[in-house]
Amino acid sequence: MTTIRRLTTADVAAFRALRIEAMTAEPESFGTDIAEERVKTIEASAATLGSTAVFGAFVDGELVGMAGFARMKPLREQHKGTVWSMYVRASARGLGLGGRLLRAVIEYARTEVEVLNLVVVSTNTAAVTLYERHGFRRWGLEPWALKLDADRYTTDGYYWLPLTPVEA
């Protein structure tokens, strides 16, 4: 049985483990380096769950996917939010969980903001396809966005999704 629900601080251990797994499996997809993540305390991870909306995908009670939403903090940007830390464990892919997680974030964001943004490494074609299928539009590319090692960088795509009607 699969379920999608918002994570709470009671889920912090599973959330932290899945986030570290995600960053280990796909380091080019995360702005935070795995070494930085590993030194964070469980309390810091719990604070993240308390201050943002993170949705989890569960298969038979096990957390196998996640997607977060955070509202921008500056007063003039509070009409915008961002999707962050989207990941589905490789063994759970193909079940439609990525789409279900993204829809959960979008529906939650509709109650909070007018625009939803995200950044995705441009070579992650599965993620790009998922985001575009859900209406996100690319507005730019950033070459050399993340430095992975001495001579390897990502090119990141910047996407937005208006959540309110846009005047033509």
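Read the figures in this text as sums done on the coordinates, not as results from a lab. Treat the numbers as computed from the prediction; the structure is a model and nothing was measured. Counting neighbours? That spans all protein chains shown, and the Cβs are built from the backbone with ideal geometry, glycine included.
Each part gets one Cα centre, and for segment 20-81 versus segment 100-150 those centres are 14 Å apart. Since only ALA67, THR111, GLY31 are under comparison, the one whose Cα sits farthest along the positive direction of the charge dipole of the chain, derived from C-beta charges on Lys, Arg, Asp and Glu, is THR111. Quick one: if the Förster radius is 45 Å, what FRET efficiency do GLU112 and ALA17 give, using the C-beta to C-beta distance and rounding to 0.05? Approximately 0.95, to the nearest 0.05. For PHE69, nonlocal amide neighbours, meaning residues 5 or more places apart or on other chains whose placed amide H falls under 5 Å from its own, are ALA53, VAL54, PHE55, TRP84.
What does the convex hull of the alpha-carbon atoms of segment 110-167 project to on average, in nm²? Don't jump to the answer; show the numbers that get you there.
Values: hull surface 19.0 nm².
Reported value for the Cα convex hull: 4.8 nm².
Report the calculated FRET efficiency for ASP151 and MET1 (r = Cβ-Cβ distance, R0 = 45 Å), to the nearest 0.05.
Efficiency, rounded to the nearest 0.05: 0.45.
The per residue volume of the convex hull around the alpha-carbon atoms of the chain is 129 Å³.
Using a Gaussian network for the chain with springs between C-alpha atoms less than 10 Å apart, which of these wobbles most: ASP151, ASP60, ASP33? Result: ASP151 has the largest fluctuation of those listed.
The calculated FRET efficiency for LYS40 paired with GLU132, based on their beta-carbon distance and R0 = 25 Å, is about 0.20.
According to the Kirkwood relation over distinct C-alpha pairs, the hydrodynamic radius of segment 43-131 is 13.8 Å. If you run the Gaussian network model on the chain, springs between alpha carbon atoms under 10 Å, then out of GLU62, GLU21, GLU114 the most flexible one is GLU62.
A simple charge model with +1 on the Cβ of Lys and Arg, -1 on the Cβ of Asp and Glu and nothing else charged puts the dipole of the chain at about 380 debye relative to its Cα centre.
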